[in-house]
1. Within the range 412-419, does at least one residue satisfy the condition of being at pLDDT below 95, under 19 Å from the mean Cα position of the chain (by Cα) and of a type in the set (Gly, Ala, Ser)?
2. Go through the range 194-207 and give me each residue that's touching a helix residue (DSSP H, G or I) at 6+ places or on another chain (Cβ under 9 Å) and not in a loop (DSSP other than H, G, I, E, B).
3. Exactly one condition in (1) closer than 20 Å to residue 315 by Cα; (2) touching a residue at least 60 places away in the same chain (Cβ under 8 Å); (3) crowded, with 20+ Cβ neighbours inside 10 Å is false for residue 259; which is it?
4. Anything in the range 81-112 that is without any contact (Cβ under 8 Å) to a residue 60 or more places away in the chain and either under 21 Å from the mean Cα position of the chain (by Cα) or at positive phi (or both)? List them, or say none.
5. Quick one: would you say residue 279 is in contact with a Pro (Cβ under 6 Å, 6 or more places away or on another chain) and in contact (Cβ under 8 Å) with a residue 12 or more places away in the chain?
6. Report, by residue number, each residue of the range 278-314 that is surrounded by 14 or more Cβ atoms within 10 Å (Cβ to Cβ) and in contact with a Phe, Trp or Tyr (Cβ under 8 Å, 6 or more places away or on another chain).
7. Would you mention how many residues in the range 574-584 are under 19 Å from the mean Cα position of the chain (by Cα) and either surrounded by 24 or more Cβ atoms within 10 Å (Cβ to Cβ) or among the polar types (S, T, N, Q) (or both)?
8. Which residue pairs have Cβ atoms closer than 9 Å, lie 6 or more positions apart in sequence or on different chains, and pair a first residue in the range 323-342 that is in contact (Cβ under 8 Å) with a residue 24 or more places away in the chain and within 13 Å of residue 255 (Cα to Cα) with a second residue that is among the hydrophobic types (A, V, I, L, M, F, W, C) and assigned to a loop (DSSP other than H, G, I, E, B)?
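The values are calculated or read from the model by the stated rules, or taken from the named source; none is laboratory data. The structure presented is a predicted model; accordingly, all values stated were derived computationally and were not measured. Positions of Cβ are backbone-derived with ideal geometry, glycine not excepted, and every protein chain shown enters the neighbour counts.
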Amino acid sequence: MTLSARALKRLQHILGPENVCTDDISLALNGYDCSLSIHRPEAVVTVRDVSLLEPLLGLLAREKIPFIPRAAATNHAGSCAAVKGGVVININPLYTIYRIDTARQFAETAPGTVTGDLQEALAPLGFFYAPDPASEKVSTLSGNLAQNASGARCLKYGNTSDNTLSIEFITPQGQTLLLRHDAPGPDWLGLVAGSEGTLGLIKRMQVKILPKPKHIKTFLATFPSLACSVQTVTDLVAQGLIPRCVEAMDHITTQAVENFAHAGYPTDAQALLIIELDGELKQIQQDAQTLQTLCRANGCQTFTSARTEAEREKLWRGRRAAYSAMAALAPNVAVGDGTVPRSQLPAALEQVRSIIEKNGVTASLLFHAGDGNFHPQIVFDARQPQQTRRVHQTLQEILKTCVDFGGTVSGEHGIGVEKRAVMAYQYSKETLRFFQKIKNAFDPGHLANPGKIIPIGFEDKASSCTPTDPSTLALAQEIKKRFVQKTPTVVTGTNTQLKTSSAQALSSVSLNRILEIDKTNYMAVVQAGVTVRALNAALHAQNVYARLPDNYEGTLGGLIAAKAWPDFTSQLSAIEFIAPNGDLVRYGGKLMKNAAGYNLCRLMTGSAGALGFITQLTFKIYATAQQSAGALQHFLHAAPDPLFCAVKKEADPDGLFLSSVFQEGIHG
């Protein structure tokens with residue numbers, strides 16, 4: 001499209017002429033991010049007052065002008081590329097820290113606040129913000145949430161979404177909504193996290209802050225192979241030891257970093273681990289002994305600890321410099337981002353190294369070993385078309401390898417445009433179709449960062465998802481029949497919460513199998529009709545635990561649909577459900593991180609059976625008993641919010657999935 005003179009004049013009226021740029025230099029500077037994608041916008045607008053965001057998006061909606069939110073543009077997926085032209089919205093000047101409340105442990109910030117700046121403001125107060133992406137010196141809090149980029153501490157403290165308490169969110173129509181994890185209905189905040197600006201724009205954030213640990217101890221261990229280092233991490237988790245962080249590097253990365261940053265890394269090892277423990281000194285000392293024993297058992301060559309804060313910072317300075325170190329070797333660096341189940345890391349990395357060698361590219365491997373999230377960094381010269389083609393081919397093959405090993409094409413860098421096509425390899429057409437419905441609901445004009453995440457022509461490219469379980473197949477067939485006949489359905493579990501006597505009720509009680517208790521990856525796969533009481537008993541018999549209540553009489557699916565135990569939401573890594581039209585939708589896997597597409601676990605949590613029939617769930621389990629915050633909650637009978645109405649209309653246009661919670665005004 002081409003911006004009209006009228007539209008430009010109205011943009012200037014809202015923001016000031018000096019904040020609306022259409023010159024070649026401004027368009028070129030805002031036409032790329034840290035990926036290989038280059039697409040020039042038609043204008044760049046700079047917002048210096050957060051109150052102008054609503055009128056700006058309202059104008060763009062009326063004029064049907066696409067927009068691309070942009071802050072530091074440190075992402076590696078082309079999420080900031082203006083593939084449909086339109087307007088880049090520069091929010092970098094919106095960097096205010098409004099409030100730090102140490103008593104209630106939160107901070108409120110504007111969207112352009114740099115993550116590292118918040119850390120520096122918290123440090124003198126004895127607090128810290130848990131997410132720590134390697135780009136924290138320049139990346140913004142809203143950008144981190146938009147990609148759900150979390151960094152090294154994710155293993156112990158959760159991802160960026162888990163550490164965000166609430167956001168003020170502006171829809172593509174210019175309407176501001178307050179989103180919280182604990183509000184009635186679906187977890188909209190959890191859905192927006194990782195959506196890459198395709199559903200709207202973040203205006204204000206309230207994030208969780210934590211007291212600094214009393215003690216932190218950092219260790220450096222070297223190994224004869226990546227496989228040995230990764231096995232150590234698996235063994236740690238099996239012992240119930242959850243480090244603050246576990247970072248791994250291969251030989252190429254170590255050499256590049258040492259030459260660049262002089263961090264003191266041994267350059268003769270094939271792999272190294274940086275492992276950090278925090279907490280009470282006595283516990284750290286006990287865990288350190290266990291850690292050293294496990295490292296030695298897996299062929300560890302050297303095991304040392306940082307003796308001072310300066311030595312500790314030096315070790316981490318090297319890790320944070322990994323991208324810069326590789327960038328010093330060639331004009332360009334392409335950074336990959338995939339995640340596999342922890343147990344699959346050794347085999348997946350062996351396959352990745354074979355792909356790199358086969359394609360004749362130079363690449364390093366570094367990864368958040370505890371999360372199964374790895375980042376190949378390929379150096380090349382983009383001025384050489386043949387090199388660039390090989391790099392693209394290598395990254396695509398690596399991403400498909402992740403999927404083949406039960407993983408995802410993005411752990412924290414997002415999809416953008418760079419990985420859009422390979423989404424049809426990871427997800428079925430039914431799941432991608434549901435993603436499209438979410439996008440349509442939030443953004444019917446397709447103006448918010450258009451052309452991202454959802455692959456073009458996926459109906460022809462993606463495979464179909466068919467039930468393999470007989471009970472799931474029977475339910476899917478019944479729901480499909482009701483869809484064709486326009487017969488309503490009331491979804492129930494054991495009926496402990498809904499208390500319906502409707503003849504249209506459809507129960508999940510036939511889905512009563514615990515499919516897997518995986519003590520290697522510490523994940524459980526359970527059908528939705530299993531009762532929580534029976535599930536806890538089965539887990540305890542295997543000496544593992546989940547963050548589940550002891551006194552809930554209903555099913556696991558009911559617990560999720562009712563949002564009866566909000567603390568469990570962050571534990572979900574995969575979900576399967578039957579959509580109102582009978583499609584079987586699958587999202588996620590046995591993964592610690594997944595930033596590929598819209599988080600359907602968060603959407604279905606609190607959906608009260610109005611958006612789909614939950615059939616199967618995958619969630620974290622632990623080697624030690626877990627404490628959960630809060631108390632059991634019951635269904636909240638509340639009027640449906642605008643987002644629920646919009647998503648309901650897309651997912652269930654005939655209103656066939658009924659819920660006593662969200663019936664009145666659901667299509668209003």
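1. Within the range 412-419, one or more residues are at pLDDT below 95, under 19 Å from the mean Cα position of the chain (by Cα) and of a type in the set (Gly, Ala, Ser).
2. 201, 202, 203, 204, 205, 207
3. Unmet for residue 259, out of (1) closer than 20 Å to residue 315 by Cα; (2) touching a residue at least 60 places away in the same chain (Cβ under 8 Å); (3) crowded, with 20+ Cβ neighbours inside 10 Å: (3).
4. 112 - this is the single residue of the range 81-112 that is without any contact (Cβ under 8 Å) to a residue 60 or more places away in the chain and either under 21 Å from the mean Cα position of the chain (by Cα) or at positive phi (or both).
5. So residue 279 passes the test.
6. Within the range 278-314, 288, 291, 292, 295, 298, 299, 300, 301, 303, 304, 305, 306 meet the criteria.
7. Looking only at the range 574-584, we keep the residues that are under 19 Å from the mean Cα position of the chain (by Cα), and these are 574-576.
If we keep only those that are either surrounded by 24 or more Cβ atoms within 10 Å (Cβ to Cβ) or among the polar types (S, T, N, Q) (or both) as well, we get 575-576.
Here the count works out to 2.
8. Once the first residue is in contact (Cβ under 8 Å) with a residue 24 or more places away in the chain and within 13 Å of residue 255 (Cα to Cα) and sits in the range 323-342, its partners that are among the hydrophobic types (A, V, I, L, M, F, W, C) and assigned to a loop (DSSP other than H, G, I, E, B) give 323/34; 323/134.
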